[in-house]
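Structure, as structure tokens:
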Amino acid sequence: MTTSQNRQPKGISTGGQFAPGIHAEATLLLDPAHRPVILAPGDSDTFTELADGDVIETLNVSRSDDGSGYWVSPAKTVNIASLITDSDPRLNGKALDAWLEHNSPVIEDFLAERYEAVVTTDEGWSEAGIECTAQLPDGPLTESQVVDGAWNGTKIVQLHNESDHGSFGSENLGRLIIERVEGATVIEDPYVARGAGLRLGHDVVARHVDERHGKRPVSDAVAVAIAKELNGIRSSRGIIAYPAVGRLATRGYVDNAAVDLELERALTANQQSFYPDRKLARRIESLRTWLRDGGDNA
């Protein structure tokens, strides 16, 4: 279970997501002003004076185009490369560079999901920008509310603690990333395989599956094509039924445990349907065999 050291600058009322318990005092936030924040619909502004420079390096506020609310977005830069090496000294130098490049989609999605954030790596993984966000209702807005929303309404504090080598009993971000990567299957050449797989016709996929059934796993491109097909299936409520499988087609990797569960559900759903599709069942089984083989098949 993830635990994060609670942080709350002085002068902000208790009761937020991360109260009580102070970890780091923000010297610039000791007495946050109650001055109004005035933004027209569609406008945004950066409030450097409200960022403490440590937990929060930059703080941006934007108002929705229709004036229905505000978005408070604290951000910080994290040296992901260093965190990985600290957690596994074998990953350094060129080996680390290759590892990060190959697993970038896995790492980006993990960070985005864990911290409800936008991740940018324009400067490389040594300077990854991570921007968390909280939504505030429309109406009069003060700087104090902005600060409270940033610290107590987003996961920026959790990010700071976990990227600080797992301090204060929190999880260690470097170790978490390595564990996520180890639990994923990433296509060796995702751009080529995804490009080819998304163009494959149904008949070509069916023929390929039949030719390799019981002999060897399907190719990466065919695995992508099958994932694309399953990603198009909707539940009775109209939502994507197998999102973890679909990620192979959209991002070039899968979370092994999540996909194994979804493929089992897909097989069960097909078997229990009024008209079970034997060819679909074979394609699902082929994707499962590909996954268990570790992917990367020509």
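The values are calculated or read from the model by the stated rules, or taken from the named source; none is laboratory data. Predicted, not measured: the structure shown is a model, and the values here were computed from it. Here the Cβ is made from the backbone with ideal geometry for all residues, glycine too, and neighbour counts use every protein chain on show. The area values use the complete protein model at the heavy-atom level, side chains included, leaving out ligands, DNA and RNA. Shrake-Rupley method; radii C 1.70, N 1.55, O 1.52, S 1.80 Å.
Yes or no: Leu280 modelled with pLDDT under 95, of a type in the set (A, V, I, L, M, F, W, C) and either closer than 26 Å to Ser104 by Cα or open to solvent by 20 Å² or more (accessible area, probe 1.4 Å) (or both)?
Details: modelled with pLDDT under 95: yes; of a type in the set (A, V, I, L, M, F, W, C): yes; either closer than 26 Å to Ser104 by Cα or open to solvent by 20 Å² or more (accessible area, probe 1.4 Å) (or both): yes.
So Leu280 passes the test.
With respect to Val209, is the statement that it is within 30 Å of Asn60 (Cα to Cα), buried (at least 19 other Cβ atoms within 10 Å of the Cβ) and either in contact with a strand residue (DSSP E or B) (Cβ under 6 Å, 6 or more places away or on another chain) or not charged (D, E, K, R) (or both) true?
Values: within 30 Å of Asn60 (Cα to Cα): no; buried (at least 19 other Cβ atoms within 10 Å of the Cβ): yes; either in contact with a strand residue (DSSP E or B) (Cβ under 6 Å, 6 or more places away or on another chain) or not charged (D, E, K, R) (or both): yes.
Considered against the rule, which asks whether it is within 30 Å of Asn60 (Cα to Cα), buried (at least 19 other Cβ atoms within 10 Å of the Cβ) and either in contact with a strand residue (DSSP E or B) (Cβ under 6 Å, 6 or more places away or on another chain) or not charged (D, E, K, R) (or both), Val209 comes out as no.
Looking at (1) surrounded by fewer than 22 Cβ atoms within 10 Å (Cβ to Cβ); (2) touching an Asp or Glu at 6+ places or on another chain (Cβ under 8 Å); (3) within 19 Å of Thr120 (Cβ to Cβ), which is the only condition Trp71 fails?
(2)
Matching residues to (1) open to solvent by less than 30 Å² (accessible area, probe 1.4 Å); (2) under 11 Å from Ile80 (Cβ atoms); (3) touching a Pro at 6+ places or on another chain (Cβ under 9 Å):
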| position | (1), (2), (3) |
| --- | --- |
| Leu100 | yes, yes, no |
| Glu108 | no, yes, no |
| Leu111 | yes, yes, no |
| Ala117 | yes, no, no |
| Glu127 | no, yes, no |
| Cys132 | yes, no, yes |
| Gln135 | no, no, no |
| Pro140 | no, no, yes |
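Restricting segment 89-98 to residues that are surrounded by fewer than 16 Cβ atoms within 10 Å (Cβ to Cβ) and either within 17 Å of Val186 (Cβ to Cβ) or of a type in the set (Gly, Ala, Ser) (or both), which is farthest from the chain's Cα centre (by Cα)? Even if it seems obvious, please write down each step before you answer.
Filtering segment 89-98 down to residues surrounded by fewer than 16 Cβ atoms within 10 Å (Cβ to Cβ) leaves 89-90, 92-95, 97-98.
Now restrict to residues that are either within 17 Å of Val186 (Cβ to Cβ) or of a type in the set (Gly, Ala, Ser) (or both): 93, 95, 97-98.
On the way: Gly93: 25, Ala95: 23, Asp97: 20, Ala98: 20 Å.
Selected residue: Gly93.
When residues of segment 225-262 are filtered for being assigned to a loop (DSSP other than H, G, I, E, B) and more than 22 Å from Glu101 (Cβ to Cβ), how many remain?
Of all residues in segment 225-262, those assigned to a loop (DSSP other than H, G, I, E, B) come to 232-233, 235-239, 241-242, 252.
Next cut, more than 22 Å from Glu101 (Cβ to Cβ) only: 232-233, 235-239, 241-242.
Adding up the residues that qualify gives 9.
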